[in-house]
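All remarks here apply to the structure that follows.
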Amino acid sequence: MTVRPHARCVVTGANRGLGLAFTRALLARGGHVLATCRHPGRAGELNRLAGEHPGRLHVLPLDVAAPKSIAELARELPLVLDGIDLLVNNAGVLHAGERFGHVAAEHLDDSLRTNASGPFLVTQALAAQLADGATVANVSSRLGSIAAVEAFRTPSYAIAKAAQNMTTALLARALAERGIVVLALHPGWVRTDMGGAGAEVPADEAAAGLLAVIDAATPADSGRFVDWQGRPVPW
């Protein structure tokens with residue numbers, strides 16, 4: 001099994017939950033991390049980590065639903081990283097409590113912009129700065145699996161994650177000539193603000209599992225949908 005080095009990393013939605021766990025794990029193994037979130041001034045834990053890892057953790061603003069914010073990140077990134085070995089598209093939104101007959105159009109629009117368009121546009125904007133042989137990890141969800149639908153649940157989130165999975169498949173084709181691996185990753189039911197206190201998998205454990213999957217992936221795996229333990233997830 002070939003393990004791919006990922007020394008220069010970008011993590012979106014890094015101020016809490018899984019994104020913060022990714023950031024901690026990447027720093028722990030010596031990586032240089034650009035962590036993004038919408039409001040860096042409010043990201044107390046990220047800023048504390050930046051103080052503990054001077055020169056290896058940089059925090060920049062990014063709203064993945066705002067094209068101007070994405071463009072600004074693309075302009076600023078070369079000031080802190082000379083390339084990207086791993087891009088983790090983690091930022092996401094879930095509108096809880098949706099019921100059929102009462103799903104708001106604005107929730108659908110917000111979810112599609114953040115969970116589907118966002119990862120595509122971020123990857124497109126940063127493509128020139130991705131190293132040949134880099135990895136793009138799109139944090140998806142089994143809720144975006146059409147084959148696995150069992151109930152009417154979190155529709156705006158599920159619809160957007162299904163669309164994000166198409167993003168993964170298309171990006172895998174677009175970046176294949178450069179040996180860039182693009183993955184759709186189901187992190188499990190993670191114990192975060194989004195997943196809730198009753199979730200099964202601690203965020204640090206999910207991040208560690210996902211990084212093991214990411215590190216071991218080869219170009220032959222590009223475009224796949226797998227979980228945090230490397231098991232295939234049906235589309």
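The values are calculated or read from the model by the stated rules, or taken from the named source; none is laboratory data. This structure is a prediction, so every number in the text was calculated from the model and none was measured. Neighbour counts run over all protein chains shown; Cβ positions are idealised from the backbone, glycine included.
Against the numbered list (1) crowded, with 18+ Cβ neighbours inside 10 Å; (2) within 24 Å of H186 (Cβ to Cβ); (3) among the charged types (D, E, K, R), R8 comes up short only at (2). Against the conditions (1) in contact (Cβ under 8 Å) with a residue 40 or more places away in the chain; (2) crowded, with 20+ Cβ neighbours inside 10 Å; (3) outside any loop (DSSP other than H, G, I, E, B); (4) not hydroxyl-bearing (S, T, Y), L108 satisfies every one except (2). Looking only at the range 123-169, residues that are of a type in the set (V, I, T), in a helix (DSSP H, G or I) and farther than 22 Å from E106 by Cα come to 2 in all. Taking the criterion of being hydrophobic (A, V, I, L, M, F, W, C), under 15 Å from the mean Cα position of the chain (by Cα) and under 13 Å from W235 (Cβ atoms), the residues of the range 143-168 that qualify are A162, A163, M166.
So that you can scan it fast, the table gives a plain yes or no per residue for (1) modelled with pLDDT under 95; (2) loosely packed, with under 14 Cβ neighbours inside 10 Å; (3) of a type in the set (A, V, I, L, M):
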site	(1), (2), (3)
G196	yes, yes, no
E200	yes, yes, no
D204	yes, no, no
A207	yes, no, yes
I214	no, no, yes
A217	no, no, yes
A220	no, yes, yes
V226	no, no, yes
V233	no, no, yes
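Within the range 81-91, being touching a Phe, Trp or Tyr at 6+ places or on another chain (Cβ under 8 Å) and either part of a loop (DSSP other than H, G, I, E, B) or of a type in the set (K, R) (or both) holds for one residue alone: N90. Residue by residue through the range 111-141, note down the ones that are more than 12 Å from the chain's Cα centre (by Cα) and surrounded by 17 or more Cβ atoms within 10 Å (Cβ to Cβ). Once the filter is applied, which keeps residues that are more than 12 Å from the chain's Cα centre (by Cα) and surrounded by 17 or more Cβ atoms within 10 Å (Cβ to Cβ), the range 111-141 yields S111, L112, R113, S117, L121, A125, L126, A127, Q129, L130, A131, A134. Among residues of the range 133-145 that are at positive phi, those with a beta-carbon under 9 Å from a residue that is at pLDDT below 95 and not in a strand (DSSP E or B) at least six positions away or on a different chain give the pairs G133/R4. Of the listed requirements (1) surrounded by 22 or more Cβ atoms within 10 Å (Cβ to Cβ); (2) at pLDDT below 95, R16 misses just one: (1). Going through (1) of a type outside the set (A, V, I, L, M); (2) free of Cβ contacts under 8 Å to residues at least 40 places away in the same chain; (3) under 19 Å from A137 (Cα atoms) one by one, N89 falls short only on (2). Those strands (runs of 3 or more DSSP E) of the range 1-80 in which 2 or more residues are of a type in the set (F, W, Y) are absent.
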